[in-house]
Structures are given as structure tokens and as C-alpha cells.
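The values are calculated or read from the model by the stated rules, or taken from the named source; none is laboratory data. Predicted model only: the values in this text are computed from it and were never measured. Quick reminder, even Gly has a Cβ in these numbers, built from the backbone with ideal geometry, and neighbours come from all protein chains shown. Remember, those area values only see protein heavy atoms, side chains included, never the ligands or the DNA or RNA. Shrake-Rupley method; radii C 1.70, N 1.55, O 1.52, S 1.80 Å.
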Amino acid sequence: MLSIIPPELIRIVVGMVAVMAFVAINVLVLVYAERKGAGHIQRRPGPYEVGPHGILQPLADAGKLMGKQLLTPIGADPILYWLAPILSFLPVLLLFVPMPFGPVLTVQEVNLGLLLILAFAGINVLATLLAGWSSNNKFGLLGAARAVSQSVAYEIPLLLCVLCIAFQYGSLNLSTIVEAQGSWPWQWNFVCQPLAFLIFLVSSFAETNRAPFDLPEAESELTAGFHTEYSGMGFGLFFMAEYANMVVVSGVCAALFLGGWKGPGIDGVWWFLIKVYALLGLIIWVRWTYPRVRFDQLLNLNWKWLLPLATLNLLATVFLMKVF
């Protein structure tokens with residue numbers, strides 16, 4: 001029976017199961033790391049009561065979310081209301097398909113892997129819009145409008161930075177880009193593309209709605225933004241999608257600019273994971289260190305600074321590739 005099933009199909013199924021387990025474990029670990037990180041940065045202990053040093057707190061949180069009753073607000077569109085959190089989380093699993101965790105640890109080699117990631121990542125914007133609009137809540141609608149304008153704005157410089165690397169190597173395959181880089185830090189792309197690396201990082205914060213760019217979820221003026229009306233696992237799916245997207249942008253950044261699974265000594269999946277978790281640590285540190293910007297400052301940073309700089313950097317890359 002197994003001989004009838006194509007090996008590629010078996011590889012994809014096994015890979016997707018591994019991806020789902022990887023995402024679930026990362027969400028639990030990152031929830032704990034974020035809360036403990038926030039506590040230590042702001043001179044608080046963080047979770048401390050459930051398990052040694054609060055290590056079982058993520059499991060308690062998950063149990064609480066799964067045990068809560070799912071309610072649909074009066075006047076909300078029930079189909080779109082419950083479709084939104086599903087649309088927010090499910091496409092995230094596909095973003096890991098072309099991710100090169102190691103020399104042979106890729107779910108599926110895709111020549112247009114970067115294009116696939118950028119295309120499916122955009123579905124989260126639609127999910128956010130549906131969540132805010134279908135909730136019949138003015139704060140949710142304002143949060144959704146902010147999310148759309150923010151995501152559309154910051155996708156442009158992020159895409160231009162990705163194009164710089166794609167033009168440099170003539171490929172949209174993440175594995176090809178990683179293999180073209182060396183094992184030592186000065187052979188990684190952040191050395192020859194420092195401006196693209198910096199713009200990519202800033203745009204990633206905005207694309208994942210992380211502080212100081214978490215304006216769609218600004219508690220100070222929007223209660224909880226686009227997911228104000230969600231509770232239980234409706235909120236839980238948005239929460240899981242945010243942390244999964246953090247892992248995705250960190251993985252893409254590690255592959256494009258930091259050599260992926262290559263590193264001093266022996267290359268392997270451990271180097272990829274070290275780089276990903278170092279970037280995740282940076283994301284958590286920034287959230288609990290810098291204050292939230294105003295929405296006009298957020299958009300001005302993109303349209304007045306990041307977009308022109310990313311455009312000039314792309315033109316310079318194209319010119320140098322053509323000449324040399």
C-alpha cells in the first residue's frame with residue numbers, strides 16, 4: 001500500500017505534522033519567554049506560581065482559553081466572525097513549507113518559496129479586516145482599518161528588501177540563497193546589504209503588529225483593537241497566529257541575511273534555530289523596552305523614510321549587479 005503513495009506526498013504530510021508540532025511548542029515557549037522577559041525587563045517576577053518559576057503557566061493559559069464559552073456578539077455576522085480567526089492561523093502553517101531548517105530539512109523545495117511566503121502572509125490582513133468589520137464593534141473596526149493601512153504600507157519596503165537579495169542571487173528559493181552564503185558572519189548578506197537588513201527588521205515588527213508598532217491592538221485607545229469581541233479559542237487563534245508569524249519572519253530573516261543553517265564550525269539545523277531564537281529575543285526585548293509610537297508617526301516612518309531608502313537600495317543593488 002505504501003508503495004502506491006508517492007514519496008513526495010509522504011514527505012509533505014510528515015513535514016506538515018512536524019510543522020504543526022513545531023508551531024504549537026513555539027507558541028507555548030514564546031508565551032512563557034515573553035511574560036518572563038517582560039517581568040525581568042520591567043523589574044517584575046512574571047509568572048511564578050504555576051509550576052517551578054511559573055513554567056506551567058502557558059499550559060494553564062491554554063486550558064483556560066479552551067474552556068471558555070464561544071459567544072457571537074449581537075449584530076455580528078456569524079460566518080465571517082468565526083472565519084476570521086481560522087483564516088488568521090491556518091495559512092501560517094503553509095509559510096513553513098519552503099523554510100530551510102537545515103541542508104535536507106525542508107518540507108518542500110519550492111523555486112518560488114519567497115513568493116509563496118509573501119502571498120500567504122497577506123491573508124492575515126484579510127483575516128484582521130474580517131474580524132474587525134464582522135464584530136459589529138466600532139473599536140474593532142478602527143483596529144481593522146489601522147491593521148490594513150499598516151500592513152499595506154510596510155509590505156512595500158519589506159518586499160523591496162527581499163527583491164534586493166533575490167536579484168543578488170537570481171533566485172526566489174530560500175535554500176539556494178542560504179547555500180550561496182558562507183559559514184562565517186562576514187560572508188552573510190547582512191554585511192553586503194546592511195540597509196536592507198535594517199529595513200527588513202523594522203518592517204517585520206510592523207507586519208507582525210509588534211510593539212512599538214502594535215497600533216491595531218492599542219489598548220490605550222482601542223480596548224483590544226480588531227479582536228475586542230473575541231474570547232476563548234477565537235482569541236487564542238489570533239494569539240497563536242501572531243507568535244507563529246514572529247517565528248516565520250525570524251526564519252526568513254535568518255535565511256536571507258544571516259546565513260540560515262550555516263555557521264562557524266559544523267553547519268546544521270542548530271545554527272538556524274540559534275539565529276531564529278536570537279531574533280525572537282530581540283523582538284521581545286524591543287516590545288518591553290520602547291514606547292508605542294503614534295499612528296501618524298508609524299505611517300510617516302514608512303512613507304517618508306523606509307520606502308525611499310528601500311527603493312534607493314534596490315536601485316543601487318540592480319546597478320551594481322549589472323555593472324559587476
Practice task
Report whether or not Leu115 is at pLDDT 90 or above, of a type in the set (A, V, I, L, M, F, W, C) and closer than 22 Å to Gly225 by Cα.
Solution key: no
Exercise for the section: Determine whether Val125 is under 30 Å from Ala254 (Cβ atoms) and touching a Ser or Thr at 6+ places or on another chain (Cβ under 6 Å). Expected result: yes
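Only helices (runs of 4 or more DSSP H) wholly contained in the range 143-241 count here; list those with 2 or more residues that are of a type in the set (Gly, Ala, Ser).
174-180, 194-207
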Practice task
Look at the range 312-324 and say how many of its residues are in contact with a helix residue (DSSP H, G or I) (Cβ under 8 Å, 6 or more places away or on another chain) and either closer than 15 Å to Leu198 by Cβ or in a loop (DSSP other than H, G, I, E, B) (or both).
Solution key: 3
Problem - Residues that are assigned to a loop (DSSP other than H, G, I, E, B), under 16 Å from Asn209 (Cβ atoms), open to solvent by 60 Å² or more (accessible area, probe 1.4 Å) and touching a helix residue (DSSP H, G or I) at 6+ places or on another chain (Cβ under 9 Å), drawn from the range 264-296 - result: Trp288, Arg292, Arg294
Practice task
Hey, can you tell me all the residues within the range 19-39 that are farther than 18 Å from Ala211 by Cβ and open to solvent by 60 Å² or more (accessible area, probe 1.4 Å)?
Solution key: Met20, Ile25, Leu28, Val29
Practice task
Go over the candidates Leu195, Leu163, Leu116 one by one and state the one that is surrounded by fewer than 20 Cβ atoms within 10 Å (Cβ to Cβ) and touching a Ser or Thr at 6+ places or on another chain (Cβ under 9 Å).
Solution key: Leu163
Handout entry: Residue check, Leu314 at pLDDT 95 or above and under 15 Å from Cys164 (Cβ atoms)
Key = yes
Problem - Among the residues listed as Thr208, Thr176, the single one being among the β-branched types (Val, Ile, Thr), without any contact (Cβ under 8 Å) to a residue 40 or more places away in the chain and either in contact with an Asp or Glu (Cβ under 9 Å, 6 or more places away or on another chain) or more than 30 Å from Ala131 (Cα to Cα) (or both) - result: Thr176
Exercise for the section: Would you mind finding the one in Gln42, Gln57 that is surrounded by fewer than 17 Cβ atoms within 10 Å (Cβ to Cβ) and among the polar types (S, T, N, Q)? Expected result: Gln42
